Every structure is written in structure tokens, then in C-alpha cells.
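A.B. asks: Right, I'll just put the structure down here and ask away after.
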2 protein chains.
Amino acid sequence: MASKKMIEIFKERKTIEQVEEGNELAPKFDENGLLPVVTTDAKTGQVLMLGYQNEEALRLTIEKGEAYYWSRSRECLWHKGATSGLIQKVIDIRIDDDQDAIWLNVELQGLEASCHVGFKSCFYRSIPTGNIKEEIKLIYKEEEKTFDPQDVYGDAPNPTKL
Amino acid sequence: MASKKMIEIFKERKTIEQVEEGNELAPKFDENGLLPVVTTDAKTGQVLMLGYQNEEALRLTIEKGEAYYWSRSRECLWHKGATSGLIQKVIDIRIDDDQDAIWLNVELQGLEASCHVGFKSCFYRSIPTGNIKEEIKLIYKEEEKTFDPQDVYGDAPNPTKL
């Protein structure tokens, strides 16, 4: 449902100089019409999640000042927090050099968490570095969940795909 | 050149519980064999870049403690800094809930910059938010380049694609 208005804010990509050194918004959506989006917590600097936006999600994020994504697992526009209350208020939207990635710096509302598993950040486990001599065991970096997913999402299907 | 050893560190994805709540490393590489990777500066918390890793790049990053990526534009393994000296020393590697994205927190070596255009971060421009009544103009957030790309990369082709 790409309205005419929605398309107009994105400029045609003409030259590398325009894309890298200019001030025109000329994003490169991938073959699925998506851009990867990094979301960080403005309070802690922590990376909260990696999501995706299509044209509509990016436009709505710009207009509304709240984070919208495209849910690849549910295949729909996703206003983060519409179900869970875990709204992300946008402090800053950045775009990268070749304009094929977005960085959202956000203020968390409600429970101040972002991850559907119940943790604050989706990146709650660390991979140990060094010579790999035996099996790698992930290390938990958040001691406990911030919320119980059952309370927040009820019986909604888990978005994780195998 | 995926060696037998290289494949063994990644476990088969069997259940959502294993992937989300376990301590096994069972990443989901996409249809091109890649994972998106967010890289942040351990000193400032700034997001530096969004790159991609294949199995070999992730394994090398784990083993060597320096950031390796898969360059989509050059279609080759990319040891960040091998050409430019802009090595990224890994402080922490995180993996997200469904194990399809990586967060590298790094210490910058050399010029303390990361972006091939010459800026510290690839995300040197901001998209203004609010009602869209006229053309969007990106706002520069780094006042000047940290280095001259010509000095660092010489005549190497620009990796940005239109």
C-alpha cells in the first residue's frame, strides 16, 4: 500500500557522491524491500535489537517519532510496543554511508525492555573469544528477565523461526 | 573453503527453547550464508557500522579477537583494517535471541575510525523526525572527516554500490 506521498521522500540513487557525501535521503532497500535497523538504548548505549524496515516503516518512524519495523516472521508492519506496551521513542535516526542501514537511538517506555524473550536487550548472551579447543558455551549477560513474556504477549505465537 | 573444524562450532538448530534460552551457539545464516553484524565503539558506545559475517568470518572473529566480515560488494572475506590499519579489537561478541544477528563491541586501533568515507562512524548523518511537509535534508553529525580516504585506501575501488 505504497502511497504516492510515501515514495516521494526517498530520492533516486544517482551517484556515489550523492549517496555518501550529500544530504539527500536515498536509501537502498534490499531485494525484499528491507533495510537492517540497529536499535540502541539512549540511556545505556546498549544495543537492544536488530530489526528491519520497509519504506512504510521508515516513513512512519520519521513521522511519528516512534519505532516501526517490518516483521519478517509475521510478514506485517510492526509498531513496536503496540501489543506489549514496549514502545520505543525515537531520539535520533541515523543512516549509514551507502544508505543501506539505519541506526535508531531510542528511549524505552513501559517496562524498559525490548526483547520478546523477556530480557532488556535481545543480545543477552556473549560468545567467548579465543582459541576454540572445545565446545563454545554462550554466557548470559543479563542475570534475569525483566518481564514474563506470558504476561505481556499471552498466547501470541513466538516470532523466532528455526 | 569451509573446513570440517569450521562447521563443528555451530550447532544444529533444533528447538526454539534451545536457540533462545540455551547456551549452544546455533546461528541462523540467511539464504546467502550471512548474518548482519552491528559494531559499536567500546569507548564511546557509538554504532560504527553494520556489516555481515559468513561462517568463516564469525569463526575467525571468535578465534582471533579481531573483527572479520564478509564484504558483499567485494565478495570476499574481509579482515577489517588489513588494508587501512583500522583494526577492530573485539571486546565482546553478543548474539541475539533467535541467533540471527551479531553485536561486536570493539576497541578501535590506529586512526580510531571505521568508515571508508573518512568519518569515525558510518552513521555520520541524521534523518530529522516530525511531520514531513517538505524535502528531507540529512544533518551531518560529525563536523569533519577523521582521515583522508585517499591517503588510507589509495586507488582501491569504492565499495559503495548504487
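A.B. asks: To make sure I understand the rule: partners must be aspartates and glutamates, Cα under 14 Å from the Cα of A:LYS133, and not fewer than 8 residues away in the same chain. Which ones qualify?
C.D. replies: In chain and number order, the partners are B:GLU8, B:GLU63.
A.B. asks: Defining a contact as two alpha carbons under 8 Å apart and six or more residues distant in sequence, what relative contact order in percent does chain A show?
C.D. replies: For chain A, the relative contact order is 18 percent.
A.B. asks: Put a label point 7 Å from Cα along the Cβ direction on A:HIS79, then list its distances to the equivalent points in the other copies in nm, shortest first.
C.D. replies: Its label point is 5.0 nm from the equivalent points in the other copies.
A.B. asks: Kindly write out, for the range B:10-16 in residue order, the coupling ³J(HN,Hα) from the Karplus curve 6.51 cos²θ - 1.76 cosθ + 1.60 (θ = phi - 60°), rounded to whole Hz, with x marking Gly and Pro.
C.D. replies: Once θ is set to phi - 60°, the couplings for the range B:10-16 become 9, 7, 5, 7, 10, 9, 5 Hz.
A.B. asks: If you count, for every residue in A:112-125, the Cβ atoms of partner chains within 10 Å of its Cβ, what is the mean?
C.D. replies: Going residue by residue through A:112-125 and averaging, the value is 4.
A.B. asks: Still on this structure: Sort B:LYS133, A:LYS80, A:LYS64 by Cβ crowding within 10 Å, fewest neighbours at the top.
C.D. replies: B:LYS133, A:LYS64, A:LYS80
A.B. asks: Can you sort B:ASP96, A:ASP98, A:ASP92, A:ASP148 by how many other beta carbons sit within 10 Å, fewest first?
C.D. replies: A:ASP148, A:ASP92, A:ASP98, B:ASP96
A.B. asks: Separate question: Can you list the distances in nanometres, one decimal and ascending, from the B:GLY22 label point to the identical position in each other copy, with the point 7 Å along Cα to Cβ?
C.D. replies: From this label point to the equivalent ones elsewhere in the assembly: 4.9 nm.
A.B. asks: Any idea which of B:PRO159, B:GLY65, A:GLN46 is furthest toward the positive side of the dipole for the protein assembly as shown, if Lys and Arg beta-carbons carry +1 and Asp and Glu beta-carbons -1?
C.D. replies: It is B:PRO159, whose Cα lies furthest towards the positive end.
A.B. asks: So what J values fall out for the range B:30-36 if you push phi through Karplus, 6.51 cos²θ - 1.76 cosθ + 1.60 with θ = phi - 60°, rounded to Hz, Gly and Pro as x?
C.D. replies: 6, 5, 9, x, 10, 10, x
A.B. asks: Using only C-alpha atoms and all pairs of different ones, pull out the Kirkwood radius for the range A:29-117 in Å with one decimal.
C.D. replies: When all Cα pairs of the range A:29-117 are included, the Kirkwood radius is 12.9 Å.
A.B. asks: Which residues in the range B:133-162 have a backbone N closer than 12 Å to a point placed 7 Å from the Cα of B:SER73 along the Cα-to-Cβ line?
C.D. replies: Counting backbone N atoms under 12 Å from the label point, the list is B:156-162.
A.B. asks: Rounded to the nearest 5, what % of the DSSP beta bridges within the protein assembly as shown are antiparallel ones?
C.D. replies: The antiparallel fraction comes to roughly 80 percent.
A.B. asks: Additional query: Take the alpha carbon atoms of the range A:112-160, find their center, do the same for the range A:20-90, and report the distance between the two centers in whole angstrom.
C.D. replies: Rounded to whole Å, the Cα centres lie 21 Å apart.
A.B. asks: How much of the DSSP bridge set in the range B:4-153 is antiparallel, in percent, rounded to the nearest 5?
C.D. replies: Percentage antiparallel, nearest 5: 80.
A.B. asks: Now, a different point. Among the GluC sites (Glu not before Pro) in the range A:123-162, which ones are in a DSSP loop with at most 14 other Cβ atoms within 10 Å of the Cβ? Mind listing them?
C.D. replies: A:GLU134, A:GLU135, A:GLU143, A:GLU144
A.B. asks: Right, another one. How tilted is helix A:55-64 with respect to the longest principal axis of chain A? Cα atoms for both, answer in degrees (0 to 90, nearest 10).
C.D. replies: It works out to around 80 degrees.
A.B. asks: Answer with one residue from A:PHE29, A:TRP103, A:SER84: the one whose Cα lies farthest towards the positive end of the charge dipole of the range A:29-117, charges on Cβ with Lys, Arg +1 and Asp, Glu -1.
C.D. replies: It is A:SER84.
A.B. asks: Placing the label point 7 Å from Cα along the Cα-to-Cβ direction, what are the distances from A:GLU135 to the equivalent spots in the other copies, shortest first, in nm to one decimal?
C.D. replies: Computed spacing set for this position: 5.9 nm.
A.B. asks: Provide a whole-number value for the mean count of partner chain Cβ atoms within 10 Å of the Cβ atoms in peptide A:97-109.
C.D. replies: Neighbouring Cβ atoms belonging to other protein chains average 5 per residue here.
A.B. asks: Continuing with the same structure: Where along chain B is the Cβ that lies nearest the axis linking it to chain A, and how many Å separate them?
C.D. replies: Whole-Å result, nearest residue of chain B to the axis: B:GLY45, 2.
A.B. asks: Something else now. Using only atoms on other chains, find how many Cβ atoms lie within 10 Å of each Cβ of peptide A:32-41 and report the average.
C.D. replies: 3
A.B. asks: Further question: Quick one: which of A:LYS145/B:LYS43; B:LYS28/B:LYS120; A:LYS11/B:LYS137; A:LYS28/B:LYS80; A:LYS145/B:LYS28 span more than 18 angstrom between C-alpha atoms?
C.D. replies: Violating the 18 Å Cα-Cα cut-off are A:LYS145/B:LYS43; B:LYS28/B:LYS120; A:LYS28/B:LYS80; A:LYS145/B:LYS28.
A.B. asks: Considering the alpha-carbon set of the range B:4-153 alone, what are its Rg and its Dmax in angstrom?
C.D. replies: 17.4, 57
A.B. asks: Next question, about the same structure. Tell me, which cysteines of chain B are without a disulfide-compatible partner by the Cβ under 4.7 Å rule?
C.D. replies: B:CYS76
A.B. asks: Would you compute, from DSSP H runs of 4+ residues alone, the mean residue ellipticity of chain B at 222 nm, taking -39500 (n - 2.57) per run and dividing by the full residue count, rounded to the nearest 500?
C.D. replies: -4000 deg cm²/dmol
Coordinate-derived values only; no laboratory data. Just so we're clear, the structure is a prediction, and the values are computed from it rather than from any experiment. Neighbour counts are summed over all protein chains in view; Cβ atoms, including those assigned to glycine, are modelled from backbone coordinates with ideal geometry.
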